[in-house]
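The values are calculated or read from the model by the stated rules, or taken from the named source; none is laboratory data. Just so we're clear, the structure is a prediction, and the values are computed from it rather than from any experiment. With ideal geometry, Cβ positions are generated from the backbone for all residues, glycine too; neighbour counts draw on all protein chains shown. What goes into the accessible areas is simple: the full protein's heavy atoms, side chains included, and nothing from ligands, DNA or RNA. Shrake-Rupley method; radii C 1.70, N 1.55, O 1.52, S 1.80 Å.
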There are 2 protein chains.
Amino acid sequence: MAGTHLSIRIDLSNGDRIGPGKIALLEAIRDKGSISGAARAQEMSYRRAWLLVEEINHALAKPAVTAEMGGRSGGGASVTPVGEKIVDLYRKIETSARSAASTEFRALGKLVRHGK
Amino acid sequence: MAGTHLSIRIDLSNGDRIGPGKIALLEAIRDKGSISGAARAQEMSYRRAWLLVEEINHALAKPAVTAEMGGRSGGGASVTPVGEKIVDLYRKIETSARSAASTEFRALGKLVRHGK
């Protein structure tokens, strides 16, 4: 809750975006093995999680998530190697950005109003 | 239309955010000398520009924009030294982030669907 925080948005050439919400959703799908489980973990509706997955898949040359519809287990989902790569690259970009800009970032933190 | 693009959002401890839209608005106010001129340049309503300025000022210990209400000239606005500093720090953070993450960023660009 506290502290000033840097987050990264990637605006793709096709108009889609990748940001912290979609990346956290991919990580949750990887951890939970289903879109419904990931939606619960991220405190979003199943519908919203599903739409975000569609957006992510649409933005990429190959899908980041594959889902098994229905079936006895109610349908699981998994993150593909491309999805893993996206998460990994995003987290690396975030870490590099934070460390490269840390001086300016601290200076900016000092100009911010503290408390509410 | 153009290539994949990295943008930075700063989530402040008080819940406000600074991102590319607010920074571009500050630059436009600096260039145009008024909120109405900046709103036109940024293709947003005067009301939206005004609300964004309020948000920026509220987020900071000292205001980034001061406005003269009314008067013969219809009221100008100017960016304060704190506002200039915010713009400068944000642009430096953006440049450092892009250069630090350029390898990962190119790798990510290759996974994106091209065209629509």
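If you take the residues of region A:3-16 that are farther than 12 Å from B:PHE105 by Cα and at the interface with chain B (Cβ under 7 Å from one of its Cβ atoms), which of them is surrounded by the fewest Cβ atoms within 10 Å (Cβ to Cβ)? Only one residue tops the list, namely A:GLY3. Across region B:89-98, the qualifying residues are those that are without any contact (Cβ under 8 Å) to a residue 40 or more places away in the chain and facing chain A (nearest Cβ under 7 Å), and the one among them that is most open to solvent (accessible area, probe 1.4 Å) is B:LYS92. Of A:GLY76, A:GLY37, A:GLY19, A:GLY83, all but one fail to be under 30 Å from B:GLY83 (Cβ atoms) and surrounded by 15 or more Cβ atoms within 10 Å (Cβ to Cβ); the exception is A:GLY19.
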